[in-house]
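See structure below.
The values are calculated or read from the model by the stated rules, or taken from the named source; none is laboratory data. These numbers were taken from a predicted model, which means no experiment stands behind them. Backbone-built Cβ (ideal geometry, glycine too); neighbour counts: all protein chains shown.
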Amino acid sequence: MRHLPDVAAFAGVRYALPLTILAAMLTTAASASSVAAQALSLPDLVERVKPSVVLVKSLDENGKVNALGTGFFVSTGKVVTNLHVVVNAEDVALTLASGRSVKVTDIVAVDSEFDLVILEVPVDRIAGPPLALAPELPREGERVVVVGNPMGLAGTVSEGIISAVRTVPGIGVFIQTTAAISEGSSGSPILNSRGEVTGVATFLIEGGQALNFGITSKDVRRVVASASAGGGTRSARAPAARDSDDGAANRPGILEGVVTRLEGSYLTIDLGARHGVQPGMKVDVMGRSGVALATATVISVMPLACTAELSAVGGAGSPDEGTVVEIHIGSSGRH
């Protein structure tokens with residue numbers, strides 16, 4: 001039995017929180033942002049932020065660990081991590097910096113496009129002091145620190161710079177850093193010299209050197225605000241809700257997804273799971289009835305989604321946001 005609410009429960013639903021809880025969350029966030037006003041030495045920064053960083057364990061139905069990641073407190077009892085760390089979990093457990101283990105009791109916000117989730121755990125502010133979110137994008141060349149749990153090695157610290165701030169058409173802005181991340185680092189805070197979270201480590205490009213990427217604090221702040229307002233999701237339809245009647249998920253070269261954004265000629269599709277789609281692939285976008293909607297070239301990928309640039313639109317027109325589609329990879333070949 002699934003102990004946590006299914007991610008699908010967030011599709012198109014908003015949950016109202018009592019005003020007292022909303023006020024408490026906003027007060028906590030405000031007080032957190034007043035901390036760390038000046039640059040810190042690296043040892044002082046690490047000492048300050050480590051108590052706020054947790055090891056995230058995704059558990060299967062037998063209680064065995066099937067994925068590891070990192071998270072951090074943004075308010076009392078609220079932890080940010082990457083959605084792909086917990087998307088297939090039956091339960092989620094967090095190990096605090098003190099060594100104490102706690103079970104996640106709720107999922108309060110999900111953003112599948114930016115691979116973010118906010119988890120709720122029964123701890124007080126002392127057990128999990130919140131980290132402040134940086135109010136602006138980092139500057140290229142700015143020094144940053146990542147505190148996380150690569151390969152399960154809790155509390156590992158790495159240092160680097162912001163090597164680029166990149167805008168991906170049709171999606172948004174991402175930060176690129178030379179600070180080392182590995183499997184288990186997903187969800188780690190990327191921190192500036194003041195100890196503020198300037199991003200969340202999310203993915204890397206294999207085959208290169210120090211090609212590590214993160215979600216910006218601006219997008220984290222938006223998801224935190226969503227939780228404060230009652231939760232919700234930017235996915236038009238959540239992964240667990242997309243069971244294909246004709247078994248599309250079991251056909252080689254065919255993926256089923258949901259169009260979550262259409263901006264000009266750019267199409268973002270939530271695929272709901274790790275998908276193997278790569279930049280440069282040419283794909284056909286089909287309706288579930290088999291109608292050809294468009295051909296497109298994938299220009300960027302996230303763990304649970306991809307963005308493609310439309311090159312041709314079928315007679316039925318480009319798919320609207322919320323449309324369930326099939327992505328045929330093999331038919332158009334690879335660019």
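Can you tell me which residue is surrounded by the most Cβ atoms within 10 Å (Cβ to Cβ) among those in region 57-70 that are free of Cβ contacts under 8 Å to residues at least 60 places away in the same chain and in a strand (DSSP E or B)?
The qualifying residue surrounded by the most Cβ atoms within 10 Å (Cβ to Cβ) is Lys57.
Scan region 80-96 and give yes if some residue there is at pLDDT 90 or above, under 14 Å from Ala227 (Cα atoms) and of a type outside the set (D, E, K, R), otherwise no.
Yes, region 80-96 contains at least one residue that is at pLDDT 90 or above, under 14 Å from Ala227 (Cα atoms) and of a type outside the set (D, E, K, R).
Does region 71-89 contain any residue that is surrounded by fewer than 20 Cβ atoms within 10 Å (Cβ to Cβ) and small (Gly, Ala, Ser)?
no
With region 222-287 as the region, which strands (runs of 3 or more DSSP E) entirely inside it contain at least 1 residues that are assigned by TED's automatic domain parsing to the domain that holds Pro169, at pLDDT below 85 and acidic (Asp, Glu)?
Strands (runs of 3 or more DSSP E) meeting the threshold: none at all.
Of the residues Leu204, Leu191, Leu153, only one is within 29 Å of Ile329 (Cβ to Cβ), in the same structural domain as Val85 (by TED's automatic domain parsing) and modelled with pLDDT of 85 or more; which?
After applying the criteria, what remains is Leu204.
How many residues, within region 90-106, are part of a loop (DSSP other than H, G, I, E, B), surrounded by fewer than 18 Cβ atoms within 10 Å (Cβ to Cβ) and in contact with a Leu (Cβ under 7 Å, 6 or more places away or on another chain)?
Summing the residues that are part of a loop (DSSP other than H, G, I, E, B), surrounded by fewer than 18 Cβ atoms within 10 Å (Cβ to Cβ) and in contact with a Leu (Cβ under 7 Å, 6 or more places away or on another chain) in region 90-106 gives 1.
If we keep just the residues of region 158-203 that are surrounded by fewer than 19 Cβ atoms within 10 Å (Cβ to Cβ) and of a type in the set (A, V, I, L, M), which is nearest to Glu321 (Cα to Cα)?
Val168
Restricting region 204-222 to residues that are small (Gly, Ala, Ser) and touching a strand residue (DSSP E or B) at 6+ places or on another chain (Cβ under 9 Å), which is surrounded by the most Cβ atoms within 10 Å (Cβ to Cβ)?
Looking at the filtered set, the residue picked out is Gly214.
Quick one: in region 35-56, which of the residues that are touching a Pro at 6+ places or on another chain (Cβ under 7 Å) and not hydrophobic (A, V, I, L, M, F, W, C) is surrounded by the most Cβ atoms within 10 Å (Cβ to Cβ)?
If we take residues in region 35-56 being touching a Pro at 6+ places or on another chain (Cβ under 7 Å) and not hydrophobic (A, V, I, L, M, F, W, C), then Ser52 is surrounded by the most Cβ atoms within 10 Å (Cβ to Cβ).
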